[in-house]
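Engineer: Just dropping this structure here.
The values are calculated or read from the model by the stated rules, or taken from the named source; none is laboratory data. What you see is a predicted model, and the numbers here were worked out from it, not measured in a lab. Cβ: placed from backbone, ideal geometry, glycine included. Neighbour counts: every protein chain shown. Each accessible area value is taken on the protein alone, full model and side chains, heavy atoms only, with ligands, DNA and RNA left out. Shrake-Rupley method; radii C 1.70, N 1.55, O 1.52, S 1.80 Å.
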Amino acid sequence: MMVCEYKPGLEGIPAAQSSISYVDGQKGLLEYRGIRIEELAEKSTFLETAYLLIWGELPTKEELEAFEHEVRYHRRIKYRIRDMMKCFPESGHPMDALQASAAALGLFYSLRDLHNPAYIRDSVVRLIATIPTMVAAFQLMRKGNDPIRPRDDLDYSANFLYMLDEKEPDPLMARVFDICLILQVEHTMNASTFSARVTASTLTDPYAVVASAVGTLGGPLHGGANEEVIQMLEKIGSVENVRPYIEHCLQTKSKIMGFGHRVYKVKDPRATILQGLAEQLFEKFGHDKFYDIALEMERVVGEKLGSKGIYPNIDFYSGLVYRKMGIPTDLFTPIFAIARVAGWLAHWKEQLAENRIFRPTQVYNGLHEVTYTPIDKR
């Protein structure tokens, strides 16, 4: 019998071949289809980047306009989905509501024509278009309000912000939000992407694929970390409390949220971009004292743990950006999902191209030849 080496968390074990994105953790390099994230954040839009990831190349002007048009006019959700969401408990987490809603879409579009390019495109458009609508709808419905209808005259990011409070967002805020989606859309074989590919390998529908990935993203060790960063900053309270807090974490071997990454051994390039976006928002809309605490945390953690490759990751500054936009803390991870849906769909499409169902092995460490004990003798 073959003996396999056990790697907790499958660390370092390739699970697929992919041409979608590339990370060099030693250099702090992230590329989507070979294009550096810094260039896309400066020059692209979220929908153009989504097209690049899913179809493998930058669209022509005509292709992008067609894609934007399709997404724009598929933003509305069926009334039965809305009625279902109204029955969700107000205290429920928005990620749980999103997972249930994404899965429910599959009931309305249950055809699994996975060899039909038109079906694949329709599924991509529908998921990218409706996920933001469902996130915004639950945010309002849990307060007892009716959801706000999407506006066809607003672009993707501006429309989502509008659906949260029926106020057309400042252009800078809308552009910053769009860049945030670009930064979060894809990141190689992370936990939720692996979950998406495993689910996709069974040849189920893309709505089940996305629902599976949403559930994985919701954990505090993955997408939920940005929510815990804000909670941590609130707990610290002031710049003076930073060093004692860090030293306590080191003494008790507690995790410092927003620092460290399984891949990056330098500062996450997305964190660097997000920090610049936060400063743009602070300059126009006013300072946030939590940013001062964050800067001191980065300095102290760098002093204490920089030699071990512990630096800020994307979650450390993303929450500060969303907080300045007035977005509730428990919507940070659903917003992560709004972006990452496009990355999951790129992997879904790639998985279908050369599919083989995932069936990893295990290292058994249990007993053998155990005799069954009747219930009256136990």
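Engineer: Checking PRO8 against (1) more than 25 Å from ARG270 (Cα to Cα); (2) modelled with pLDDT of 95 or more, which test does it fail?
Structural biologist: Of (1) more than 25 Å from ARG270 (Cα to Cα); (2) modelled with pLDDT of 95 or more, only one is false for PRO8: (2).
Engineer: Conditions: (1) part of a helix (DSSP H, G or I); (2) open to solvent by 10 Å² or more (accessible area, probe 1.4 Å); (3) within 27 Å of LEU40 (Cα to Cα); (4) at pLDDT below 95. SER318 meets all but one. Number of the miss?
Structural biologist: (2)
Engineer: Okay, next question. Taking the conditions exactly as written (of a type outside the set (S, T, N, Q) and exposed (fewer than 13 other Cβ atoms within 10 Å of the Cβ)), does ARG80 satisfy them or not?
Structural biologist: yes
Engineer: Identify, by number, the condition in (1) open to solvent by less than 80 Å² (accessible area, probe 1.4 Å); (2) free of Cβ contacts under 8 Å to residues at least 60 places away in the same chain that GLU369 doesn't meet.
Structural biologist: Going through the list (1) open to solvent by less than 80 Å² (accessible area, probe 1.4 Å); (2) free of Cβ contacts under 8 Å to residues at least 60 places away in the same chain, GLU369 breaks only (1).
Engineer: In the range 204-220, what residues are part of a loop (DSSP other than H, G, I, E, B) and closer than 17 Å to VAL124 by Cβ?
Structural biologist: THR204, ASP205
Engineer: Could you list, in sequence order, the residues of the range 24-71 that are over 27 Å from ASN313 (Cα atoms) and open to solvent by less than 50 Å² (accessible area, probe 1.4 Å)?
Structural biologist: Answer for the range 24-71, where residues must be over 27 Å from ASN313 (Cα atoms) and open to solvent by less than 50 Å² (accessible area, probe 1.4 Å): PRO59, LEU64, ALA66, PHE67, GLU70, VAL71.
Engineer: Output the residues belonging to the range 335-378 that are assigned to a helix (DSSP H, G or I) and over 16 Å from ALA191 (Cα atoms).
Structural biologist: Selection gives ILE335, ILE338, LYS349, GLU350, LEU352, ALA353, ILE375, ASP376, LYS377.
Engineer: Among the residues of the range 222-230, is there at least one that is farther than 23 Å from GLY9 by Cβ, assigned to a helix (DSSP H, G or I) and either in contact with a helix residue (DSSP H, G or I) (Cβ under 9 Å, 6 or more places away or on another chain) or open to solvent by less than 40 Å² (accessible area, probe 1.4 Å) (or both)? Quick ask: steps written out before the conclusion?
Structural biologist: Just the residues of the range 222-230 that are farther than 23 Å from GLY9 by Cβ, to begin with: 230.
Now narrow it down to the ones that are assigned to a helix (DSSP H, G or I): 230.
With the extra rule that they be either in contact with a helix residue (DSSP H, G or I) (Cβ under 9 Å, 6 or more places away or on another chain) or open to solvent by less than 40 Å² (accessible area, probe 1.4 Å) (or both), the set shrinks to 230.
Yes, the conditions are met somewhere in the range 222-230.
Engineer: Name the helices (runs of 4 or more DSSP H) wholly inside the range 232-312 in which the number of residues that are closer than 30 Å to PRO171 by Cβ and open to solvent by 30 Å² or more (accessible area, probe 1.4 Å) is 2 or more.
Structural biologist: Working: elements: 242-252, 269-285, 289-305.
Counting at least 2 such residues, we get 269-285, 289-305.
Engineer: I've got another one for you. With the condition being open to solvent by 10 Å² or more (accessible area, probe 1.4 Å) and farther than 24 Å from LEU217 by Cβ, I'd like the helices (runs of 4 or more DSSP H) fully within the range 137-203 carrying at least 1 qualifying residues.
Structural biologist: 156-165, 171-184
Engineer: Inside the range 276-315, can you point out the residues that are at pLDDT 95 or above and polar (S, T, N, Q)?
Structural biologist: GLN280
Engineer: Let me ask something else. Name, by its number, the condition in (1) under 14 Å from THR188 (Cα atoms); (2) hydrophobic (A, V, I, L, M, F, W, C); (3) without any contact (Cβ under 8 Å) to a residue 60 or more places away in the chain; (4) in contact with a helix residue (DSSP H, G or I) (Cβ under 7 Å, 6 or more places away or on another chain) that does not hold for LEU30.
Structural biologist: (3)
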